[in-house]
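Enquirer: Mind having a look at this structure? Questions to follow.
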Amino acid sequence: LFSHSLAVSSAMAVMAEHFGEKYPGIYVSILVYAGTTKPPKQTMPLDNVNASYCFYNDIGKIYCANHSISGVDCTPVSEHQYNITNTPYAEEFEGWCRIANRVTVWYYPGNWFFSQLSLSRLKTIREDINYLYSQGIHGVYPCMSNPAGAWDTQEYLISYLLLDCQWNAEMTEEEYWALIEEYLRIWFGGGSDLIADYFRWQITAAQPNCWTLQCFSVPSDRINLSKVCEDFEYCISLFERAAELADSSEQENAIRLLSRSMYLTGLIACHGPWYQNGTAEQKARYTEIYNRFKDIALETGYTLDKYELTEEDFDIEVNLASKFPFNSVFKVDWWNWYTAE
């Protein structure tokens, strides 16, 4: 039910009252989303109303995926072209928590637009769940974006972390990373510590500003492509060593699948400085890595936001970033970060 106006809010109250009389103990849920996020000032929700608040994209404000949904690390709305910040969301959400008997939250922790790029979504989960817990909410509806591509992103791990964080919402940072490392050992065996190092590195490669995973920011707003290129060989070495230490062929294959987003992001970042403008040695190295990724991608049916790459998509003269289907939405060559001196 959407409360677009005072009249609709009143109608919601009437329905809640009716259901409360006929079905005591049953909650009436209202979706606090898409222009309905401001807490009402006159018609207060009855005790049997569940306000289901959505931290997402709303009229006049866009959620920040780089900082906690509490908004404490975000900059003010006025400093962003598209009003990307969590501060107004947190203010509204806390307002609903004050007036509603029950509040649930729609939470979007996964990677969305350009989902196959190497981008950490682990940094804020613990803080977010702790913040929601501190506000006394009833539950969380996690909205993952790309389960089909989980093996080359962090989607499979995020789902697990959300469950554990809700059982222990006050866990420390050390406990959180111990949980991550334990889970990685199950999937990647003896090389799991190296994969954990890669996940930690991903956090350092994120841009510090407020950005969203929706259509109001491009990957270069989110990812420091210069750092990705600078550390590309380091990331490759982590995966090569991890594969050598795997305890089984299944674990080795899991590491190989996970490496795809690392290779893709590095090849996008290094295309200008290594292949187009680099030394003969850099160009040769880029070609070697490019062909390695191509073989993995074609063998495993690799997709870029649901578009499966084919042999025709691999033209080394063209940046792989141009193959993302969402580029037509953004209309910007975000991958051209490098300018030769």
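The values are calculated or read from the model by the stated rules, or taken from the named source; none is laboratory data. Since the model is a prediction, treat every value here as computed from it, not as a measurement. Note: ideal-geometry Cβ built from the backbone for every residue, glycine included; neighbour counts use all protein chains shown. Side chains are part of the model used for accessible areas, which takes the heavy atoms of the whole protein and leaves out ligands, DNA and RNA. Shrake-Rupley method; radii C 1.70, N 1.55, O 1.52, S 1.80 Å.
Enquirer: Hey, among the residues in segment 172-205 that are surrounded by 18 or more Cβ atoms within 10 Å (Cβ to Cβ) and farther than 30 Å from Ser226 by Cβ, which one's farthest from the chain's Cα centre (by Cα)?
Expert: Gly189
Enquirer: Another question about this same structure. Answer yes or no: is there a residue in segment 310-321 that is among the β-branched types (Val, Ile, Thr), surrounded by 20 or more Cβ atoms within 10 Å (Cβ to Cβ) and at pLDDT 95 or above.
Expert: Step one: of segment 310-321, the residues among the β-branched types (Val, Ile, Thr) are 310, 316, 318.
Checking the rest, the ones that are also surrounded by 20 or more Cβ atoms within 10 Å (Cβ to Cβ) come to none.
Looking for residues that are among the β-branched types (Val, Ile, Thr), surrounded by 20 or more Cβ atoms within 10 Å (Cβ to Cβ) and at pLDDT 95 or above, one finds none in segment 310-321, hence no.
Enquirer: Go through the residues of segment 245-252 one by one and say whether even a single one is surrounded by fewer than 19 Cβ atoms within 10 Å (Cβ to Cβ), part of a helix (DSSP H, G or I) and aliphatic (A, V, I, L, M).
Expert: Taking segment 245-252 as the starting set, the residues that turn out to be surrounded by fewer than 19 Cβ atoms within 10 Å (Cβ to Cβ) are 245, 247-250, 252.
Now restrict to residues that are part of a helix (DSSP H, G or I): 245, 249-250, 252.
This time we only want the ones that are aliphatic (A, V, I, L, M), so: 245.
Looking through segment 245-252, at least one residue is surrounded by fewer than 19 Cβ atoms within 10 Å (Cβ to Cβ), part of a helix (DSSP H, G or I) and aliphatic (A, V, I, L, M).
Enquirer: On to the next question. Which of the residues that make up segment 92-116 are open to solvent by 10 Å² or more (accessible area, probe 1.4 Å), in contact (Cβ under 8 Å) with a residue 60 or more places away in the chain and part of a loop (DSSP other than H, G, I, E, B)?
Expert: Tyr108, Trp112, Phe113
Each row is one residue, and each column tells you yes or no for (1) surrounded by 19 or more Cβ atoms within 10 Å (Cβ to Cβ); (2) modelled with pLDDT of 95 or more.
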position: Tyr156; (1), (2): no, no
position: Tyr160; (1), (2): no, no
position: Trp211; (1), (2): yes, no
position: Gln214; (1), (2): no, no
position: Ser217; (1), (2): yes, no
position: Ser226; (1), (2): no, yes
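Enquirer: Out of the residues in segment 221-259 that are among the aromatic types (Phe, Trp, Tyr) and touching a Phe, Trp or Tyr at 6+ places or on another chain (Cβ under 8 Å), which is farthest from Trp337 (Cα to Cα)?
Expert: Just the residues of segment 221-259 that are among the aromatic types (Phe, Trp, Tyr), to begin with: 232, 234, 239.
Going one step further and asking which of them are touching a Phe, Trp or Tyr at 6+ places or on another chain (Cβ under 8 Å), we end up with 234, 239.
Working: Tyr234: 21, Phe239: 26 Å.
Only one residue tops the list, namely Phe239.
Enquirer: When you scan segment 293-335, how many residues do you find that are out of contact with any helix residue (DSSP H, G or I) (no Cβ under 7 Å at 6 or more places or on another chain) and of a type outside the set (Gly, Ala, Ser)? So that I can check it myself, show each step before the final result.
Expert: Initially, segment 293-335 is screened for residues out of contact with any helix residue (DSSP H, G or I) (no Cβ under 7 Å at 6 or more places or on another chain), giving 294-295, 299, 301, 305-308, 310, 312, 315, 317-318, 322, 324-333.
Adding the requirement that they be of a type outside the set (Gly, Ala, Ser) leaves 294-295, 299, 305-308, 310, 312, 315, 317-318, 324-327, 329-333.
Here the count works out to 21.
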